């Protein structure tokens, strides 16, 4: 049995990136029709089926408070914070969540070339 999923639209990614500009160095990377969102070279979120899934951190959960809803970007993914469309529209709130999440994540390990 094959599970059919829809890919996220480029317009969704463009909108989210515009909303979080200034939270740090932000970018998106396409992966299997979906996207990973980076802030300062740290993966802070995934966008799957046009839904935003932000990595869970203690600081992020505290910031989100009652707006916290857990979801999985895809069946084998770790749980993430599923962000409601209404909150994605709130630029300042989303910007803060991305910045808080990036700050709480460990530094990216640099791979050494042999």
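The values are calculated or read from the model by the stated rules, or taken from the named source; none is laboratory data. In this text, all values refer to a predicted model and were calculated from it rather than measured experimentally. Note that each Cβ is placed from the backbone with ideal geometry, even for glycine, and that neighbours are counted across all protein chains shown.
Below are the figures for this structure:
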| read-out | value |
| --- | --- |
| Options 41, 49: the member that is under 16 Å from residue 85 (Cα atoms) and modelled with pLDDT under 95 | 49 |
| Top-ranked residue in segment 8-22 [being in contact with a strand residue (DSSP E or B) (Cβ under 7 Å, 6 or more places away or on another chain) and farther than 18 Å from residue 99 by Cβ; ranked as modelled with the lowest pLDDT] | 8 |
| The lone exception for residue 47 - which of (1) touching a strand residue (DSSP E or B) at 6+ places or on another chain (Cβ under 7 Å); (2) outside any loop (DSSP other than H, G, I, E, B); (3) in contact (Cβ under 8 Å) with a residue 40 or more places away in the chain it fails | (3) |
| Residue 43 vs. criteria surrounded by 20 or more Cβ atoms within 10 Å (Cβ to Cβ) and within 23 Å of residue 21 (Cβ to Cβ) | no |
| Residue 87, sole failed condition from (1) surrounded by 12 or more Cβ atoms within 10 Å (Cβ to Cβ); (2) assigned to a loop (DSSP other than H, G, I, E, B); (3) out of contact with any strand residue (DSSP E or B) (no Cβ under 6 Å at 6 or more places or on another chain) | (2) |
